[in-house]
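Readers should treat all values here as calculations from the given coordinates under stated rules, not as data from a laboratory. Computed from a prediction, not measured in an experiment: that's the story for all the values here. Cβ sites come from the backbone with ideal geometry, for glycine too, and all protein chains shown count toward neighbours.
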Amino acid sequence: QVLLVESGGGLVQPGGSLRLSCAASGFTISSYTMRWYRQAPGKERELLAASGGGTKNYADSVKGRFTISRDNAKNTVYLQMNSLKPEDTAVYYCFARSGWGDNYWGQGTQVTVSS
């Protein structure tokens with residue numbers, strides 16, 4: 001069974017940090033492009049960061065604040081989020097895409113940035 005399970009979300013004050021984890025099972029992430037998305041209430045899902053083929057890319061909204069990384073030995077991808085802002089409040093999703101067309105989504109984890 002293929003699963004992506006996000007964790008690490010929660011409530012944090014503005015300026016704080018969180019690290020999200022996405023643990024994969026049923027497939028090996030080393031063969032996949034891994035991405036993080038988020039979706040705020042009333043807004044479209046937004047691509048934040050991608051890691052694959054030795055490259056990493058970031059949305060302008062998070063560049064310099066968020067870092068995607070992966071531990072292939074643990075079959076886990078991470079999103080380190082620093083200098084969090086209230087507008088970062090959203091549900092954060094992990095996504096995996098293979099070169100042969102397999103796509104998998106996690107269930108999401110809530111991040112709330114508020115004082």
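Here is how the numbers come out for the structure above:
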| quantity | calculated |
| --- | --- |
| Separation of the Ala59 and Arg19 label points, Cα + 7 Å toward Cβ, nm | 2.3 |
| Magnitude of the charge dipole, the chain, Cβ model with Lys/Arg +1 and Asp/Glu -1, debye to 20 | 180 |
| Mean Cβ neighbour count within 10 Å, used as a protection proxy, ranking 9-17, 94-102 highest first | 94-102, 9-17 |
| Mean separation of Cα contacts under 8 Å (6+ apart) over length of the chain, as relative contact order % | 37 |
| Charge context of Ser61, other residues only, Cβ under 14 angstrom, K/R +1, D/E -1 | +1 |
| Using θ = phi - 60° and Karplus 6.51 cos²θ - 1.76 cosθ + 1.60, couplings along the range 3-19 (whole Hz; Gly, Pro as x) | 9, 10, 10, 8, 8, x, x, x, 9, 9, 7, x, x, x, 10, 9, 10 |
| Environment charge of Val111, counting only residues whose C-beta is closer than 9 Å and scoring Lys/Arg +1, Asp/Glu -1 | 0 |
